[in-house]
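Here's the structure we're looking at; comments come further down.
The values are calculated or read from the model by the stated rules, or taken from the named source; none is laboratory data. Because the structure is predicted, anything quoted here is derived from the model rather than measured. Here the Cβ positions follow ideal geometry from the backbone for every residue, glycine too, while neighbour counts run over all protein chains shown.
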Amino acid sequence: MGPHPAVAAIRLAVRRVLHDILSEHTPAPDTARTPAAGVARRFAPDAERVPAPGTRRTTPARAPHEQLPPPLVLVACSGGADSMALASALAFEAPKLGIRAGGITVDHGLQDGSDLRADEVVLRLTELGLTPAESIAVDVGRDGGPEAAARDARYAALDAAAERHGAAAILLGHTRDDQAETVLLGLARGSGIRSLSGMAAVSGADGRYRRPFLHLDRQTARKACMVQALPVWDDPHNADPAYTRSRLRHEGLPALEKALGKGVVEALARTAQLSRDDADALDAWASQAEASVRDAAGLLECAKLYALPPAVRRRILRRAAIEAGAPAGSLFARHIEEIDRLITGWRGQGAINLPGKVVAQRQGGRLVIRQG
């Protein structure tokens, strides 16, 4: 008798991602000497070739008979149902593929006893057989609000852990429900199609972050924990109405499902993927078109920008503002619209002040975006 359907679903999702990671770290064909069925044997553990702490994994020159060490995959685990289900699936699947597996939990220090809970999560990760398993304490700032500040601190800690351990990837437990919430938050901000594309299955530097559960619902992950008797911790912040995502989760989405019927979450997740495909295509178009709208000095020519479709032109303007020093997270659609009016609605208006002390102004038929 096979595993429970929920357990089978999470393991399959993780197995597919691990296969992707393994293929990316497989030696070139001229150095691979074993059949595909024996892919795990191509990686011979060798402590002397594992990068020292604090260094980035690289591919050193090696003799033809040498083999790469097995890649290390970490799971970011809060102790909640989604990430515990992910940790258990990683612990089960990684050894079968010859992949090393570890876990990281981040202590945000926002609740009393958070350090003790972090220690409990480390213990659970260790009991699953994950190594390294560690807790990282972070200081959460205030920029962008409490949710954004906590997220920034968390990802900074995970990036540092990946560098320190030489990890090939970090798995994140975001589910289809999380994706639906992200799409609705993007819709509320009115920031365009990119904000509707939600979270990518692969993101971060060199594709560091992987999200195996984006096609699975939250209930599947919770069920997998229950049937495996995995203890989970429900973060009280997830039910605190002071947080926007919490209100959306407990009030907004249920109201939408009541008004529109079941299937809203699936539809929003599908919208995210379609929006991402469109946004990627437009980004590629903008990248190709940008060189054609700059003069010999590299300045943007207003007449050539005006001739571009608005969606392409605004992408070029946004990229130019970010390159000039405007923080991407603080640059909203209204900022880009104001810059765009220097192109499409020129009537001699003055400079546009942007986040990061960046200024955009029109000078002699050129658009100049620079630090003010």
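Data for the structure
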{"read-out": "Of all residues making up region 184-231, the number that are modelled with pLDDT of 90 or more and among the aliphatic types (A, V, I, L, M)", "value": "13"}
{"read-out": "Residue within region 116-131 that is hydroxyl-bearing (Ser, Thr, Tyr), within 30 Å of Arg249 (Cα to Cα) and out of contact with any Pro (no Cβ under 6 Å at 6 or more places or on another chain) present", "value": "no"}
{"read-out": "Test: residue in region 359-371 that is exposed (fewer than 14 other Cβ atoms within 10 Å of the Cβ), free of Cβ contacts under 8 Å to residues at least 12 places away in the same chain and either of a type in the set (Gly, Ala, Ser) or not in a strand (DSSP E or B) (or both)", "value": "yes"}
{"read-out": "Check on Pro327, closer than 30 Å to Gly198 by Cα, in contact with a Phe, Trp or Tyr (Cβ under 9 Å, 6 or more places away or on another chain) and either modelled with pLDDT under 95 or surrounded by 12 or more Cβ atoms within 10 Å (Cβ to Cβ) (or both)", "value": "no"}
{"read-out": "Filter result for the condition that a residue is more than 20 Å from Asp280 (Cβ to Cβ), assigned by TED's automatic domain parsing to the domain that holds Ala101 and in contact with a strand residue (DSSP E or B) (Cβ under 8 Å, 6 or more places away or on another chain), over Ala201, Ala156, Ala169", "value": "Ala169"}
{"read-out": "Residues satisfying the stated conditions in region 13-26, i.e. part of a helix (DSSP H, G or I) and surrounded by 14 or more Cβ atoms within 10 Å (Cβ to Cβ)", "value": "Ala13, Val14, Arg15, Val17, Leu18, His19, Asp20, Ile21, Leu22"}
{"read-out": "Residue check, Arg334 modelled with pLDDT under 95 and among the charged types (D, E, K, R)", "value": "yes"}
{"read-out": "Options Leu256, Leu248; residue that is part of a helix (DSSP H, G or I), in contact with a helix residue (DSSP H, G or I) (Cβ under 6 Å, 6 or more places away or on another chain), in the same structural domain as Val121 (by TED's automatic domain parsing) and surrounded by fewer than 18 Cβ atoms within 10 Å (Cβ to Cβ)", "value": "Leu256"}
{"read-out": "Candidates Glu134, Glu163, Glu181 - the one that is among the charged types (D, E, K, R), part of a helix (DSSP H, G or I) and modelled with pLDDT of 95 or more", "value": "Glu163"}
{"read-out": "Residue in region 103-122 that is more than 20 Å from Ala205 (Cα to Cα), among the hydrophobic types (A, V, I, L, M, F, W, C), without any contact (Cβ under 8 Å) to a residue 40 or more places away in the chain and part of a strand (DSSP E or B) present", "value": "no"}
{"read-out": "Evaluation of Gly141 against (1) modelled with pLDDT under 90; (2) outside any loop (DSSP other than H, G, I, E, B) (one fails), failing number", "value": "(2)"}
{"read-out": "Hits in region 233-245 (condition: at pLDDT below 80 and assigned to a helix (DSSP H, G or I))", "value": "Pro236, His237, Asn238, Ala239"}
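Residues are listed down the side, and each one gets a yes or a no for (1) buried (at least 19 other Cβ atoms within 10 Å of the Cβ); (2) under 27 Å from Ala148 (Cα atoms); (3) in contact with a strand residue (DSSP E or B) (Cβ under 7 Å, 6 or more places away or on another chain):
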{"residue": "Gln288", "(1), (2), (3)": "no, no, no"}
{"residue": "Ala296", "(1), (2), (3)": "no, no, no"}
{"residue": "Leu300", "(1), (2), (3)": "yes, no, yes"}
{"residue": "Leu308", "(1), (2), (3)": "yes, no, no"}
{"residue": "Ile316", "(1), (2), (3)": "yes, yes, no"}
{"residue": "Ala333", "(1), (2), (3)": "no, yes, no"}
{"residue": "Ile339", "(1), (2), (3)": "yes, yes, yes"}
{"residue": "Thr344", "(1), (2), (3)": "no, no, no"}
